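Notes follow once the structure below has been shown.
The values are calculated or read from the model by the stated rules, or taken from the named source; none is laboratory data. Everything quoted here is computed from the prediction, not taken from an experiment. Cβ coordinates were reconstructed from backbone atoms using ideal geometry, including for glycine residues, and neighbour counts include every protein chain displayed. Quick note on the areas: whole protein, heavy atoms, side chains included, nothing else; ligands and nucleic acids left out. Shrake-Rupley method; radii C 1.70, N 1.55, O 1.52, S 1.80 Å.
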Amino acid sequence: MGLALVTLLPSSPAQAGPAALPAVQPTSETPALYDDEDGGNANADDPAIWRNAADPGRSLVVATAKEGGLRVYDLGARLVQSIPAPPPVSAGDAPGRFNNVDLVTGLRLPSGRADVAVVSDRGHDRLRIYRIDPARRDSPLRDITDPAAAPVFSADQSEVNEQRTAYGLAAWTDRGTNRSYALVSRRNETRVGLLELTVNTSGTVGYRKVRTLDLPASFRLPNGDRWTPCAEPGERPQVEGMVVDPANGTLYAGQEDVGIWRLRADLTGTPVLVDKVKEYGVPGVYDEESEECGPGADPGYGGKRLAADVEGLTLFQERDGDGYLLASSQGDNTFALYDREVGDDNEYEGGFRVPAATAVLDGSEECDGAAVLNAPLGARYPRGLLVVQDGHDTPEVPDGEGGTREATGFKFVDLGAVVDAAGM
């Protein structure tokens, strides 16, 4: 799909360095996940917060663990349920790998309305749908995916195995039609697809593709040069973090090495680049031996708030329509806040960081996914909750071979403390 592109950068002053941002310590953390054989190749990635309207103190956090499947936690960050990712279709095929998760509330099923968790299964290039039943205290999530659901982007299993598959995900219900959708990005590509969720008479849920949109892979710089973010040969600048503002159907999409895009959630119209990563425009050369990109001289065309990758996007909603878009600046372990109002051009409003609270309760580093819920959640979080992924969980645990196990997890942060510290 051809695109006309508009670049719109916030006009507020540049932020100070990361250390100068307000610090908000986590209140608790989930048990560490280990990305090794003993740990079931579990790797924390993306959370979503489900509010139990009947009993907010019994709300849940649903989170992806890649090959480790799904984890469900209570508000004390204790494990409630573990759901394995599906096995390979056959020997030699890719196993299930749950990447991102989002929620749909009040989906109309044959048995009545229900809340569901929608998950991108990167390993199988499919969506998985789980009904949330709070009456099942020990196993609140139940798989209701249509078994006939087809790959999202791939034509066949051999293409699925190449893993240019369903990656980032954001759910959205159109208030005008009451139809529910999932917006899904494609790994190592710039493509985003709009899928409508479809409910079968049996009570299972599938999806149908409505349309796709390709964000740009290269950019014209002010000096006239053409810039493409450095990556492994054959890979294009992918999108992962996404969120939809339900009030106006606006999608915010984080193109990891580029910046944050704003566009219509129905994937029509012209995308607008709200903010760029600091590394925007920096040339790079990929080194096969180190599998890293060596950066060249910075021409000075990048943004001032986001250090690549731009990752988890989530929306802080206020009842009067105000609020903030929150973005994870993975490269410097900070979080940026932008005005939710499109009329104010999503102006930058500040940021914060989540450092360690104690020697055992560490902070959030290299954050992938984030979720915020601005609503009372019982006595523990009366002003709401922020959950952020921690890409380097500590204390470190030896792997028995002279190194340490790769550990990740999720930090729970009192949203009231974030609001007070960041002046939201």
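Kindly indicate whether residue 252 is part of a strand (DSSP E or B) and either closer than 21 Å to residue 47 by Cα or among the hydrophobic types (A, V, I, L, M, F, W, C) (or both). Against the criterion (part of a strand (DSSP E or B) and either closer than 21 Å to residue 47 by Cα or among the hydrophobic types (A, V, I, L, M, F, W, C) (or both)), residue 252 qualifies.
Scanning segment 13-71 for residues that are hydroxyl-bearing (Ser, Thr, Tyr) and in contact with an Asp or Glu (Cβ under 6 Å, 6 or more places away or on another chain), we see that the one that is nearest to residue 139 (Cα to Cα) is 64. Taking segment 182-203, which residues are open to solvent by less than 30 Å² (accessible area, probe 1.4 Å), part of a strand (DSSP E or B) and within 22 Å of residue 147 (Cβ to Cβ)? If the condition is that a residue be open to solvent by less than 30 Å² (accessible area, probe 1.4 Å), part of a strand (DSSP E or B) and within 22 Å of residue 147 (Cβ to Cβ), then 182, 184, 193, 195, 196, 197 are the ones that fit. Residue pairs whose Cβ atoms lie under 8 Å apart, sitting 6 or more positions apart in sequence or on different chains, and linking a residue in segment 167-194 that is more than 9 Å from residue 238 (Cβ to Cβ) and of a type outside the set (A, V, I, L, M) to a partner that is part of a loop (DSSP other than H, G, I, E, B) and open to solvent by 30 Å² or more (accessible area, probe 1.4 Å), are 172/246; 173/179; 173/246; 174/266; 175/246; 180/174; 181/174.
Yes/no per residue for (1) touching a strand residue (DSSP E or B) at 6+ places or on another chain (Cβ under 8 Å); (2) at positive phi:
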position: 51; (1), (2): yes, no
position: 58; (1), (2): no, no
position: 73; (1), (2): yes, no
position: 77; (1), (2): yes, yes
position: 86; (1), (2): yes, no
position: 101; (1), (2): yes, no
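Checked against (1) at pLDDT 95 or above; (2) over 21 Å from the mean Cα position of the chain (by Cα); (3) open to solvent by 20 Å² or more (accessible area, probe 1.4 Å), residue 66 passes all but condition (2). When the strands (runs of 3 or more DSSP E) confined to segment 281-325 are screened for residues that are of a type in the set (A, V, I, L, M) and surrounded by fewer than 17 Cβ atoms within 10 Å (Cβ to Cβ), those reaching at least 1 such residues are found at 284-287. Would it be correct to say that residue 206 is small (Gly, Ala, Ser), touching a residue at least 60 places away in the same chain (Cβ under 8 Å) and in a strand (DSSP E or B)? For residue 206, the condition - small (Gly, Ala, Ser), touching a residue at least 60 places away in the same chain (Cβ under 8 Å) and in a strand (DSSP E or B) - is met.
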